[in-house]
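The values are calculated or read from the model by the stated rules, or taken from the named source; none is laboratory data. What you are looking at is a predicted structure, and each value in this text was computed from that prediction instead of being measured. Note that each Cβ is placed from the backbone with ideal geometry, even for glycine, and that neighbours are counted across all protein chains shown.
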Amino acid sequence: MSDNDDDFTAQNEENRFGGRVRRYARVGASASKLAARLATGKMFGGEIDHAKYAAELTSALGGLKGPLMKVAQILSTIPDALPKEYTEALTQLQADAPSMGWLFVKRRMRSELGAGWQSKFTDFSHDAVAAASLGQVHKATLPDGRDVACKLQYPDMSATVEADLKQLRAAFAIYKRYDSAIDAQNIQEELTARLREELDYEREAKHMRLYRHMLADVDCVHVPEPVDEVTTSRLLTMTWQNGQKFKHFLESDPDQDARNQVALNMFRAWYVPFYRYGVIHGDPHLGNYTLRDDLSVNLLDFGCIRIFKPDFVQAVITLYEALRDEDEEKAVSAYESWGFENPSRELIDVLNIWASFVYGPILDDRERKMGETNSVAYGAEVAGKVHQELRRVGGVKPPREFVLVDRAAVGLGAVFLRLDAQVNWYRLFNDLVGDFDVAKLEARQKTVLDQIGLDRPDA
């Protein structure tokens, strides 16, 4: 490998500042034009062709990729965060960003580790093994023989994120002009906070250590170890995890027992941290985990992590008990604990429609497939009904904490549907939360967060 890291020349004018400015201007113009059309249609009773306008906006966004792609992935799993025409169109955008070439990579690595960065590795792949919205991954080998994954952030991502967040605010403004069923302010604030956090790879390394602690006794889940000496705020180096992609597992035509085992392992990977420590992995994207030969799970990405107040977790269980026991007062208590201010009984009834859908698989003490009541078609029907009813009762402003919890529940549900797993979800859930104690969760959470150096949730 050449040690001359100064031979870089810009390969793509669209990645330069001037090119980004022009692209953002095009997007802003498209969003403004769309907002005007929506407002006019609403004012004069004209029919609004959301499919057409979504295609226009998506066409403008298509050249941006980057952080907005991650936002689109998240929004696509939050019912009614945006009109379905827009989320469907956004999810059709290419998920993988073009990878940086070797000359670009050398320049970026030198900026993170210094001129002698190559001496810190005995091998470093010229080509990226994965390219995503914020950065790309290279496989490398350390002098001690360990294989590692080096996640290198694309240049100027902080400015790009802020520009994309402006486009996100424009999208929500469009939604607000035509529909008041969902007040998306908290959704927007939550996505903004989480996306900014994802830029800090040193924080992600702390998230990784947090998960290694929380899942230390869960043999069916594996978490890489960060390598501090070759990690910076924009370069994250972690031990390499061998495994096959979820898609490849399904293509191998696994038997029912194998499908069930993967589902059980995935459930534990997401929900042991949540119910024991108040922490959730907010991005159950298929590219964020792989499967080992024994069907245990490798978790690979820890940028989108949410730490909750212990009382929030308590309310999740309280609402489950309310639905199970048909206890209306308990349901009211749960929603109020989450931050719904003086919810009317009508609003509670509407919220319970969606809650009954999400909680449905854990309300029956029997083996069942997720698709019995949580199919995609039925989910769309429920979401449509909830949206209609929310309009009728005057709308709702979901608490910030709901965003990633709902995303995790819906995203994992989609995984379980694809697995066609048949599991007693009721017993799986109750075995996990049967000894739940909010004071013990708070103590466990405080101890590990203090130890690792992460902020505790706001009081």
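Couple of notes before you dig in:
- Breaking point among (1) out of contact with any Ser or Thr (no Cβ under 6 Å at 6 or more places or on another chain); (2) crowded, with 16+ Cβ neighbours inside 10 Å, for Val410: (1)
- Taking the criterion of being within 21 Å of Lys166 (Cβ to Cβ), assigned to a helix (DSSP H, G or I) and under 15 Å from the mean Cα position of the chain (by Cα), the residues of the stretch 178-214 that qualify are Ile187, Gln188, Glu189, Glu190, Leu191, Thr192, Ala193, Arg194, Leu195, Arg196, Glu197, Glu198.
- Residue in the stretch 219-227 that is modelled with pLDDT of 90 or more, part of a loop (DSSP other than H, G, I, E, B), under 26 Å from Leu152 (Cα atoms) and not aliphatic (A, V, I, L, M) present: yes
- Filter pass, Asp294 being part of a loop (DSSP other than H, G, I, E, B), at negative phi and in contact with an Asp or Glu (Cβ under 8 Å, 6 or more places away or on another chain): no
- Output for the stretch 123-166, where each listed residue is more than 17 Å from Leu199 (Cβ to Cβ) and touching a helix residue (DSSP H, G or I) at 6+ places or on another chain (Cβ under 6 Å): His126
- Scanning the stretch 107-141 for residues that are part of a helix (DSSP H, G or I) and farther than 17 Å from Ser233 by Cα yields Gln118, Ser119, Lys120.
- Within the stretch 125-158, the only residue that satisfies the criterion of being at pLDDT 95 or above, farther than 11 Å from Trp240 by Cα and of a type in the set (Ser, Thr, Tyr) is Ser125.
- Residue within the stretch 357-375 that is of a type in the set (A, V, I, L, M, F, W, C) and assigned to a loop (DSSP other than H, G, I, E, B) present: yes
- When we screen Asp294, Asp311 for residues that are out of contact with any Pro (no Cβ under 6 Å at 6 or more places or on another chain) and free of Cβ contacts under 8 Å to residues at least 24 places away in the same chain, the only hit is Asp294.
- Selection status of Ile280, at pLDDT 90 or above and either in a strand (DSSP E or B) or touching a Lys or Arg at 6+ places or on another chain (Cβ under 6 Å) (or both): yes
- Flag for Asp349 being within 23 Å of Ile182 (Cβ to Cβ), over 17 Å from the mean Cα position of the chain (by Cα), assigned to a helix (DSSP H, G or I) and among the charged types (D, E, K, R): yes
- Residue count, the stretch 229-285 (criterion: touching a Phe, Trp or Tyr at 6+ places or on another chain (Cβ under 6 Å), without any contact (Cβ under 8 Å) to a residue 60 or more places away in the chain and on the phi > 0 side of the Ramachandran plot): 0
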